[in-house]
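The values are calculated or read from the model by the stated rules, or taken from the named source; none is laboratory data. A quick note: this is a predicted structure, and the numbers were derived from the prediction, not measured. Every residue, glycine among them, receives a Cβ derived from its backbone with ideal geometry; neighbour counts consider all protein chains shown.
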Amino acid sequence: MSIIDDPDFGCTIKLSDTKEKEYDENQTIDEIINSKERYFLMQRSYPEELYENDFYHIETSESNTELGYSDKILIDLSKEKIKIQWCADMVVIGLNIEEIDWIHLRKILKKRFKERIILTEI
């Protein structure tokens, strides 16, 4: 899990079932393009102009979705897993993280994504 929270540019949450690998200069193009890594990324970007809307984006290893202005994200969160539903997609991810990381994830979801998510803690 990684969370990047920049108050000027936006917030990105990435969850992955694959441990981050070190750079391997001997990797082939095919290995890079057809990576076996499975991930979920949720991003909120802040607008450059005062009256523009925030930009929300969800990406997984299987899909890529730009959320519309009124689209909501439904999240069921527990210490063992997170279930995320948006548009016509859904993903369930098992969580194997430290208590402090779980608290940070919960706090960021409530603080940075509160306009877009409906969060249920189970």
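Of note:
- Residue satisfying all of: in segment 98-122; assigned to a loop (DSSP other than H, G, I, E, B) and under 15 Å from the mean Cα position of the chain (by Cα); nearest to ASP5 (Cα to Cα) among these: PHE113
- Residue that is nearest to ASP8 (Cα to Cα) [pool: residues in segment 42-59 that are part of a loop (DSSP other than H, G, I, E, B) and not polar (S, T, N, Q)]: TYR46
- So HIS57, is it under 12 Å from the mean Cα position of the chain (by Cα) and either within 16 Å of ILE3 (Cβ to Cβ) or surrounded by 14 or more Cβ atoms within 10 Å (Cβ to Cβ) (or both): yes
- Where a residue in segment 67-90 is on the phi < 0 side of the Ramachandran plot and exposed (fewer than 15 other Cβ atoms within 10 Å of the Cβ) and its partner, wherever it lies, is small (Gly, Ala, Ser) and at pLDDT below 95, with Cβ under 9 Å and at least six apart: GLU80/GLY94; LYS81/GLY94; ASP89/SER63
- Single match in ILE117, ILE93, ILE73, ILE84 (criterion: touching a helix residue (DSSP H, G or I) at 6+ places or on another chain (Cβ under 8 Å), modelled with pLDDT of 85 or more and among the β-branched types (Val, Ile, Thr)): ILE117
- Failed item, numbered, when GLU62 is tested on (1) at pLDDT 90 or above; (2) of a type in the set (D, E, K, R); (3) assigned to a loop (DSSP other than H, G, I, E, B): (1)
- In segment 4-13, the condition of being closer than 19 Å to ARG106 by Cα, at pLDDT 90 or above and loosely packed, with under 11 Cβ neighbours inside 10 Å is met by at least one residue.
- Taking every residue in segment 24-38 that is modelled with pLDDT of 70 or more and assigned to a loop (DSSP other than H, G, I, E, B) and pairing it with any residue that is among the hydroxyl-bearing types (Ser, Thr, Tyr) and surrounded by 10 or more Cβ atoms within 10 Å (Cβ to Cβ), at least 6 positions away or on another chain, the pairs with Cβ-Cβ distances below 9 Å are GLU37/SER16; GLU37/THR18; GLU37/SER61; ARG38/SER16; ARG38/THR18; ARG38/THR60; ARG38/SER61.
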